[in-house]
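Below: one structure, written as structure tokens.
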Amino acid sequence: MTHSANPFGQVLVALVTPMTADGEVDWPAVEKHIDDVITGGADGIVVTGTTGETSTLTDAEKLKLVEVGKSVSSGRAKIITGGGSNETAHAIELYKASEKAGADGIMIVTPYYNKPTQAGILTHFRLVADATDLPVILYDIPGRTGVPIKYETILRLAKHPNILAVKDAKGDFSEVSRVLNQTDLLYFSGDDANVLPHLSIGAAGLIGVTANITSAPYRAIVDAVNRGDLTTATAAHQKLEPLVRAVMTHVPGTVSAKYILHGLGRISSPRVRLPLVGPEEWEAALIEDELDLVKDIEGADFSNFRPDRNAAAGGALPKVHGTTR
């Protein structure tokens, strides 16, 4: 179905942050990449999220990514700022600054490392949502944060006027259905392999890593689901499967997405910031084997794919570390 009250878009890209070989943000490449994914069908961009290497970006870089995203999109796509902080005070200030920088929405991740109780999670989200007038997406990814947002907590958070959506990377479909039945929250699939299953039970869209390579098939899936054409959506889902496996299975999605984008000549370097590193030889070989199975996907022509394992090796130490103040 179409979600007319959705302020975020339906095909959202969890954007990688292109970098130079020495680990500095490659701003011209950022501009080009944002334009590429919007042209391919994305109507939302999440900058500074997990895939954007938020944990090693400085606050200044995060805010500039919002500004650049707004400039390049020129109204063609919503710009959502992701990431946040596991320190509530810092998260509040960062999201306030993101709103001033022009963000269209914010995505708040569950506080990580601290392992707060559900009461702490509830308070964190409420205080951040109180501090901005922007629409909020809750990011539920216990595999990275150590704690889930429990069902009861989501129901309580749904009562906040600014909290409109959840990005689900937990994969509990029965819980998604329960929340959709009992709240007006929008759900976004946060697991590339489960986009169609999420949409089929009422999710509003996706926030995807593989969409960095091509957002066109996701546009096709979403549009097909919107018009009730499950056959077309399923066919597109099946064609995407080996590409999703290449991106999401063997190394962190950020690493594989940059490796593939560089091999396609779309970014100048596959570099990631430490402690992330490029794929080892055997990991690169597995990614390339998966890509050999990708056929007839719009926006993903691998006939001229030229991977560079040497360029991807290791990780970078940027000149300025990711400060928390």
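Points to keep in mind about this one:
- Within the range 1-56, being outside any helix (DSSP H, G or I) and of a type in the set (Ser, Thr, Tyr) holds for Thr2, Ser4, Thr17, Thr20, Thr48, Thr50, Thr51.
- Residues that are open to solvent by less than 50 Å² (accessible area, probe 1.4 Å), among the β-branched types (Val, Ile, Thr) and not in a loop (DSSP other than H, G, I, E, B), drawn from the range 192-238: Val195, Ile207, Thr210, Ile221, Val222, Val225, Thr234
- Taking each residue of the range 15-39 that is within 17 Å of Leu63 (Cβ to Cβ) and looking for partners that are modelled with pLDDT under 95 and open to solvent by 20 Å² or more (accessible area, probe 1.4 Å) with beta-carbon atoms closer than 8 Å, six or more apart or interchain, yields Glu24/Pro318; Glu24/Lys319.
- The residue that is farthest from Ala313 (Cα to Cα), among those in the range 248-260 that are within 16 Å of the chain's Cα centre (by Cα) and part of a helix (DSSP H, G or I), is Met248.
- Within the range 143-157, restricting attention to residues that are assigned to a helix (DSSP H, G or I) and within 17 Å of Gly83 (Cβ to Cβ), the residue that is least open to solvent (accessible area, probe 1.4 Å) is Thr145.
- Criterion (at pLDDT 95 or above, assigned to a helix (DSSP H, G or I) and β-branched (Val, Ile, Thr)) met by exactly one of Ile79, Ile137, Ile106, Ile121: Ile121
- Residue satisfying condition, being within 20 Å of Glu99 (Cα to Cα) and surrounded by fewer than 24 Cβ atoms within 10 Å (Cβ to Cβ), within set Asp22, Asp59, Asp36, Asp26: Asp59
- Test: residue in the range 101-112 that is open to solvent by less than 50 Å² (accessible area, probe 1.4 Å) and aromatic (Phe, Trp, Tyr): no
- Taken over the range 87-121, the criterion of being among the polar types (S, T, N, Q) and within 19 Å of Thr153 (Cα to Cα) is satisfied by Thr88, Thr110, Asn114, Thr117, Gln118.
- Yes/no for Val277 being out of contact with any Phe, Trp or Tyr (no Cβ under 9 Å at 6 or more places or on another chain) and open to solvent by less than 10 Å² (accessible area, probe 1.4 Å): no
- Residue in the range 13-25 that is in contact with an Asp or Glu (Cβ under 7 Å, 6 or more places away or on another chain), closer than 20 Å to Val225 by Cα and modelled with pLDDT of 95 or more present: no
- If you go through the range 289-325 and pick out every residue that is aliphatic (A, V, I, L, M) and either touching a Cys at 6+ places or on another chain (Cβ under 9 Å) or in a helix (DSSP H, G or I) (or both), you end up with 3.
- Of all the residues in the range 67-81, those that are out of contact with any strand residue (DSSP E or B) (no Cβ under 8 Å at 6 or more places or on another chain) and open to solvent by 70 Å² or more (accessible area, probe 1.4 Å) number 5.
- Some residue of the range 98-106 being touching a Lys or Arg at 6+ places or on another chain (Cβ under 6 Å) and within 14 Å of Leu63 (Cβ to Cβ): yes
- Each residue in the range 168-181 was checked for being within 24 Å of Leu134 (Cβ to Cβ) and open to solvent by 10 Å² or more (accessible area, probe 1.4 Å), and 3 of them qualify.
- Within the range 158-183, the set of residues being part of a loop (DSSP other than H, G, I, E, B), of a type outside the set (D, E, K, R) and under 21 Å from the mean Cα position of the chain (by Cα) comprises Asn162, Ala169, Gly171.
- Sole residue being surrounded by 14 or more Cβ atoms within 10 Å (Cβ to Cβ) and in a helix (DSSP H, G or I), chosen from Arg245, Arg266, Arg271: Arg245
- Among the conditions (1) touching a Pro at 6+ places or on another chain (Cβ under 8 Å); (2) without any contact (Cβ under 8 Å) to a residue 24 or more places away in the chain, the only one that Pro142 does not satisfy is (2).
The values are calculated or read from the model by the stated rules, or taken from the named source; none is laboratory data. What you see is a predicted model; the values in this text were computed from it and never measured. Positions of Cβ are backbone-derived with ideal geometry, glycine not excepted, and every protein chain shown enters the neighbour counts. For the accessible areas, the whole protein counts, side chains as well, though only heavy atoms, and no ligand, DNA or RNA atoms are used. Shrake-Rupley method; radii C 1.70, N 1.55, O 1.52, S 1.80 Å.
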